[in-house]
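What follows is a short report on a single structure.
The values are calculated or read from the model by the stated rules, or taken from the named source; none is laboratory data. Being a predicted model, the structure only gives us computed values, none of them experimental. Positions of Cβ are backbone-derived with ideal geometry, glycine not excepted, and every protein chain shown enters the neighbour counts.
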Amino acid sequence: MKAAVFKKTGFMAVEEIPTPVPRANEVLVKIKYCGICGTDLHNYSFGITAPGRVLGHEWCGVITELGKGVKDFSMGDRVMLYKHEGGSSPRLRLNPRASYSSPSRRTGAYAEYIAASTSRIIRIPDEVSDKQAATLEPLVAAIHAVRLGQIKISDTVAFIGAGPIALLMIQRVRQAGARAVYVSEPAKERATKAAELGADQVFNPFEEDVIAEIVKLTGGKGPDIVYECAAAKNTLNQACQLVARNGRVTCLAVYQEPIILTPLDWYTMQPEIKFTTNGDSTPFDWEIGMEVMIKGQIDVETTISTIIPLHEIQETFQTLLDPSKNTMLRVLVKP
Ligand SMILES: [Zn+2]
């Protein structure tokens, strides 16, 4: 089968590799879509994975082969990755830079096929399209982060950065009863989409004084909750300067390099700062995510801007990692 094989930091090559053989209690799945996740970009650009590995985990597809002992799934079933209650390993304090690098891990879904344990998959409900299914994991991340921010009705909310996950969160905080939603985002495509999905005002941080503008709009108080979704060098510091006194800063951004934090700029605000990644979402968040998707409460497809064939994956990763060139929102790979 064809797969995008990680060769070295910043380089993947599409190659012919053996199609995996499903072991006992595994199924072979023909991949329909696999979303490009921020963690894949991190692993790729910082070499946090072993050469020879195939990345990609936000997948959905169709079962084409059953391993020994598989009872609950049939050939032709539409399935996707899913985090089940009790199905996850105990929380280990591992440094991801080390723990993701094991070459023994089986291949990921930037490939034509994946072998998946039946304990890690779910049949895709009829109401959910393939494209939506490949977007459940980021939706779960969005729902988890919104819950972590502990939003209350009529809170004001600001987002630093409007990437694909923030675009889902904007819809969710609207539903949660936000009084106003303000966004700081320099990329035109993302700014436009943020406004379309319910942001009251979107500011370009390179052209406007975002902090001054939003503080003014909130009557001098600052937003009750700030979500830091940008991962630029000074954006967490900005979030802390922006937030209301005793407000909450929830940081989804995974910085790849040291950042600037100057508490002197904001310590009198006494913000509560929480860090989250999708890694700490729970099976309950997954259950909510699926329910939200089945009911169509959040438009996930609108955040998918681009679908690429497997052979364009290397150049697409390069573009996604270059903010000056990237005009894409969520990208799905269709092997
Ligand atoms: Zn992911």
Output yes when any residue across segment 129-146 is in contact (Cβ under 8 Å) with a residue 40 or more places away in the chain, away from the ligand (no atom under 16 Å from the Cβ), assigned by TED's automatic domain parsing to the domain that holds LEU329 and farther than 23 Å from LEU41 by Cβ, and no when none is. yes
Tell me, please, whether a residue that is under 16 Å from GLN297 (Cα atoms) and within 16 Å of the ligand (Cβ to nearest atom) can be found in segment 168-190. yes
When (1) closer than 22 Å to HIS57 by Cβ; (2) surrounded by fewer than 19 Cβ atoms within 10 Å (Cβ to Cβ) are applied to VAL333, the one that fails is (2)
Number of positions in segment 220-274 that are assigned to a loop (DSSP other than H, G, I, E, B), modelled with pLDDT under 95 and charged (D, E, K, R): 2
Those residues of segment 51-83 which are without any contact (Cβ under 8 Å) to a residue 40 or more places away in the chain and surrounded by 15 or more Cβ atoms within 10 Å (Cβ to Cβ) amount to VAL62, ILE63
Filter segment 287-305 for residues that are part of a loop (DSSP other than H, G, I, E, B) and not small (Gly, Ala, Ser) and give the result. LYS295, GLN297, ILE298, ASP299, VAL300
Select, from ILE114, ILE151, the only residue that is buried (at least 24 other Cβ atoms within 10 Å of the Cβ), more than 16 Å from the chain's Cα centre (by Cα) and not in a helix (DSSP H, G or I). ILE114
If a residue has to be modelled with pLDDT under 95, over 22 Å from THR277 (Cα atoms) and within 16 Å of the ligand (Cβ to nearest atom) to count, how many in segment 16-72 make the cut? 1
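So if I check each of LEU310, LEU321, LEU252, which one is outside the structural domain of ALA194 (by TED's automatic domain parsing) and closer than 24 Å to ILE170 by Cβ?
LEU321
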Residues of segment 310-335 being outside any helix (DSSP H, G or I), within 20 Å of PRO138 (Cα to Cα) and of a type in the set (S, T, N, Q), which ones? ASN326, THR327
Residues located in segment 1-22, provided they are within 23 Å of the chain's Cα centre (by Cα) and in a loop (DSSP other than H, G, I, E, B): THR9, GLY10
